[in-house]
Amino acid sequence: MADVGSASNRRDPIKSSVGNVAGQRRRQQAVTVAKERRESLVRAKRLCRVGTNGGDDEDARVENEMMIDEEQPVLESQTVKAVEELKSAVQSQGKGAMQKRVTALRELRRLLSKSEFPPIDAALTAGAIPLLVQCLSFGSPDEQLLESAWCLTNIAAGKPEETKALLPALPLLVAHLGEKSSAPVAEQCAWAIGNVAGEGEELRNVLLSQGALPPLARMIFPDKGSTVRTAAWALSNLIKGPESKAAAQLVRVDGIVDAILRHLKKTDEEIATEIAWIVVYLSALSDIATSMLLKGGILQLLVERLATSNSLQLLIPVLRSLGNFVSVDPKAMLTILVGGQNTEDTDIPDQISENVTNVLAKCLRSEHRVLKKEAAWVLSNIAAGSIEHKRMIHSSEAMPLLLRLLSTSPFDIKKEVAYVLGNLCVESAEGGDARPRIIQEHLVSIVSGGCLRGFIDLVRSPDIEAARLGLQFIELVLRGMPNGEGSKLVEGEDGIDAMERFQFHENEELRVMANSLVDKYFGEDYGINE
Amino acid sequence: MAMGMAVDTVGELGFPYWNPLRRRFPPDSPFFASGNVERELLAKQVALDFTEDEINNLQIIVETESRRISCPIVGCPERLKSLDNFEDHYKARHTASCSVCSRVYPTSRLLSIHISEAHDSFFQAKVARGYDMYECLVEGCGLKFKNYKARHRHLVDKHKFPTTFEFFKRTQLSKKRREKLQKQRVPKLKHEEDKEEASSDAMEVEDKASLDGLVSALSTLTTSDTTPSNVSFGRRHGRGLTFVPRSVHREKPTNSSSTPGPKT
């Protein structure tokens, strides 16, 4: 994780060739991430290459040479040796013992920080953990605490069983988050805890039961600093669930909502990014948090960030938070509209409704797949609201983008866009067997925008959900277009053909749907009255 | 929120009509997977590139090396590289330390628990009378226990602390001091000695009954020996200067009938 004061765009001009290759390799891996859950677990942790004291380290020069992978066996034997040194240092007393310990810790820490694959297993087998735990005792000098926590951080960044090995150290790491600890020490402990929390639900529960949440939460109260950023990251890992109890505990911390809102409003993008992830989980898991944040005006803050930032890292969680609020809380939906209509309410700016669609359109225009997909999802939920909501989207600059995306974008984005367009054309049913009413004005405009082809393509896709969407939209067209034009239009785009493919399809529901449409609208009478 | 199409709007055709519904996904839903990956991918790249930025920062490091601030507290060897660091250091080292035994704790709360349990005779008096005095260390838990061991059990059982965790570590005495203490204890506290061997690292006061028991219990408190433990070597300030060593107290045992007050 980057250190004090480093801006994320410093990354771009300086990239080693080794770093680039490694980065490319990992990008390829990312494509198959859905299947490799373990990989994604490892990614929830962060290796610490330069400590939280950042710049304090005299041997930074030495570290820079170690960009290339060392021979693994050499690294491992050096590690075993370092642990042995540490063992003897911990046992020794008298003058110079403290320095001896710090030196031994430092050596071990260097070995664990250098290569792409630190020799964690070797360290564990050699018995590093109990020694590191001892070095965390209360009253130990800061350097010792720091180096020990650093070693533990990088051990925890490894495989699941390696992270689990930190269990004996957890209570001490939690204790050193206390307000009397020096900032770099607290930060390094927070980092280690963040890695442990990122490992999985079981370890998160252990940390929670050890009281890790309150001190970690308090660490995000200051206005700035790398400590705030690390603590916020660790906190987001701690509350990510999927159980909601951590989120519920967090919102009960006095002043936390204010701190979150304050950071979202003013802080630099790096801290705001981690805070936004906290908001993602709070909005997904805690109703109380959701309503408190909404009351505090979070929607406006989210919209502003979306409008002003170009950092993908920040945009993703901000967008997702917006999506969560909209999908969960009807008040949020109201806020989006109210701004445009209610000029008496000075808390909510008049322009919020316009701004929401503008920033979502900005995301649709982005080159990043994630932003396009999730922005479409948010729009689909807004489009599932009242007539006013639908009108708002329909008349916005998002419309032409959506129509274009339906034809050109990759499959997962296409599906979300389909939801938006379909939702715009239908009034939300209040229940009962009533067939939801079609909003003809929107349907006509969207169809004439050329979306029918895109929907029929969806019918042809192997994804059941997509095919279903396509068939449902076709039904709208057949039913809702004026003067019975629907049938001709569908036929013109090879819709009959697409539907007839379902005649003997294995999925019964789709079969029935397709057949009933063909029977009703393209039956024996079809074409007779031409 | 369900999927976009609800089954309950099936009409006479049996067709599930399009019904706009809000769709909600839990945070670990595969829907969000690609966004999650982006987060950590970019974070790891930062870690790789950072070491190159260090090259650029070397000059700054070299410059600041020479401008260090020495901590003014007597006996403290720290040299800090900036005012911020010094403030951090002072806050950490010189404000949450026990004035009796100089142990340092990372929070005020832990410090105050330590002081009660290790140096407060009223605390021990209440323990002796059977009150639940040993607080759970986890903030917000609120439970209290009759003795150190019971609290330890609770930490392990309820809060998943490792069994090896010790809140209070006995200081490790030099051989000379150990022998000295043995000689002192033998004539007066035979029954306590057995207990000591049984629970070498824990601090327990089980005797509940009399004032005698209270006094003898008090003298088994070895918390403020002047010899520092391994791990807090160098962290005790002014040892031998700010308080009278325990060994001196030991010279005047149960002869004095005055109730031992809190130690300096």
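The values are calculated or read from the model by the stated rules, or taken from the named source; none is laboratory data. Here the structure is a predicted model, which is why all the values come from computation and not from measurement. Using ideal geometry, Cβ is built from the backbone for each residue, glycine included, and neighbour counts are taken over all protein chains shown. Quick note on the areas: whole protein, heavy atoms, side chains included, nothing else; ligands and nucleic acids left out. Shrake-Rupley method; radii C 1.70, N 1.55, O 1.52, S 1.80 Å.
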Subject >> Computed over the stretch B:121-169: relative contact order in percent, which uses C-alpha pairs under 8 Å that are six or more apart >> reply: 24
Original post:
Counting only residues 5 or more places away or on other chains, whose amide H sits under 5 Å from the amide H of A:Ile439 once H atoms are built in the peptide plane?
Top reply: A:Val426, A:Glu427
Original post:
What list of ³J(HN,Hα) values in whole Hz, one per residue of the stretch A:292-300 in order, does the Karplus curve 6.51 cos²θ - 1.76 cosθ + 1.60 (θ = phi - 60°) give from phi, with Gly and Pro shown as x?
Top reply: 5, 5, 4, 4, x, x, 5, 4, 4
**OP:** Calculate the dipole size of the stretch B:121-169 relative to its Cα centre from +1 charges on Lys and Arg beta carbons and -1 charges on Asp and Glu beta carbons; express the result in debye to the nearest 20.
**Re:** 180
Original post:
Using the alpha-carbon centroid of each, what span in Å lies between the stretch A:75-150 and the stretch B:141-165?
Top reply: 28
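Report the accessible surface area buried between chains B and A, summing both sides, using a 1.4 Å probe on protein heavy atoms only, in Å² rounded to the nearest 100.
So the buried area, both faces added, is about 9400 Å².
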Subject >> Relative packing of A:324-330, A:215-221, which averages over residues the other C-beta atoms within 10 Å, highest first >> reply: A:215-221, A:324-330
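Per residue of A:314-322, how many C-beta atoms from partner chains lie within 10 Å of its own C-beta, taken as a mean? It would help to have the intermediate numbers written out before the result.
Numbers: counts 0, 2, 7, 3, 0, 1, 5, 0, 0.
Mean number of neighbouring Cβ atoms from other chains: 2.
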Original post:
Distance from the Cα centre of the stretch A:457-526 to that of the stretch A:247-324, in angstrom?
Top reply: 43
Original post:
Could you give the length gained on full extension between A:Asp519 and A:Ala434, defined as 0.36 nm per residue of separation minus the Cα-Cα distance, in nm?
Top reply: 28.4 nm
Original post:
So what does B:Tyr105 come to for accessible area, using a 1.4 Å probe and Å² rounded to 10?
Top reply: 10
**OP:** First measure r as the distance between the Cβ atoms of A:Ser291 and A:Gln72, then evaluate 1/(1 + (r/R0)^6) with R0 = 51 Å and state the FRET efficiency to the nearest 0.05.
**Re:** 0.45
Subject >> Cα-centred dipole magnitude for the stretch A:434-530, charges only on beta-carbon of K, R (+1) and D, E (-1), debye, nearest 20 >> reply: 340
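Could you calculate the FRET efficiency of A:Leu489 with A:Ser386 from 1/(1 + (r/R0)^6), where r is the beta carbon distance between them and R0 is 22 Å, rounded to 0.05?
0.20
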**OP:** Just tell me how shielded A:166-176 is by partners: mean number of partner chain Cβ atoms within 10 Å of each residue's Cβ, no decimals.
**Re:** 4
**OP:** Mind jotting down the distance between the C-alpha centroids of the stretch A:187-222 and the stretch B:95-111, whole Å?
**Re:** 23
Subject >> Geometric extent, Cα atoms of the stretch B:121-169 - Rg, Dmax (angstrom) >> reply: 11.0, 31
Original post:
Across the residues of B:137-144, average count of Cβ atoms on other protein chains within 10 Å?
Top reply: 3
